[in-house]
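The values are calculated or read from the model by the stated rules, or taken from the named source; none is laboratory data. Note that the coordinates shown come from a computational prediction; the quantities given were computed from them, not determined experimentally. Every residue, glycine as well, gets a Cβ built from its backbone with ideal geometry; the counts of neighbours run over all protein chains shown.
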Amino acid sequence: MEYNTKRGDMMFREYGRTIKKIIDNVCETPEGEERNEAARAIVTAMAQVGGLSLRDDVVYHKLWDHLMIMSDFRLESAWPFGQEELEQLKERNNTTGEVKRERLPYKNRVIESRHYGEYLESMLRHLKDIPDGEEYNTLITLVAQQAKRSYLVWNGELSDDNIVVEQMARISGDERVLEYLKDKPITVPHNTLPVETSPTKKKKKRK
């Protein structure tokens, strides 16, 4: 079991540890358009977790600011604004800490499945609002990977990935989840798994 006391400090707690883990995992992937697309999907997920609108230019810009800071600027190739603005953000973050104190509002929600947590459930519920396309493909893959990690933290092992897929479909109410993920392995790099899995030990029957 992974305990919060053994984890690092959260810079922006409103996004939750799930978002931070996804960011860290994307940072470990090779640079390129696929990683940039994943960064854009993360910004969408961050907005959905907080119940925020990407149509608000101020909110949209602030989400990207927060993504850059949480990724330690390792995802700057996906930055959609000018280079001068990015350098100003780096400077503010390194000196005054002004950006770190600016937080976006978020709503409290009831957690249906505790092993997934509030933020992952929020991302699942908003999947149905995203149209088919590259962004949906990227986001559903990232969410499925994190769902599998969370399941393993709670249960220690997973006999069939379809268990996670069916739970994702139920929570999200998105029929496409089964279409995209049913009977397909959820590939998670072993070094990003939060716990070591082991086969179930058979209990000895008492005579």
### Query
So which of Asn93, Asn108 is modelled with pLDDT under 95 and either closer than 30 Å to Ile171 by Cβ or in contact with a Leu (Cβ under 7 Å, 6 or more places away or on another chain) (or both)?
Asn108
### Query
Does the range 123-138 contain at least one residue that is at pLDDT 85 or above and within 18 Å of Asp24 (Cα to Cα)?
yes
### Top-ranked residue in the range 148-183 [being of a type in the set (D, E, K, R) and within 20 Å of the chain's Cα centre (by Cα); ranked as modelled with the lowest pLDDT]
Arg149
## Note on the structure
Flagged in the range 11-68 as within 18 Å of Tyr136 (Cβ to Cβ), surrounded by 17 or more Cβ atoms within 10 Å (Cβ to Cβ) and without any contact (Cβ under 8 Å) to a residue 24 or more places away in the chain, in numbering order, are Ala47
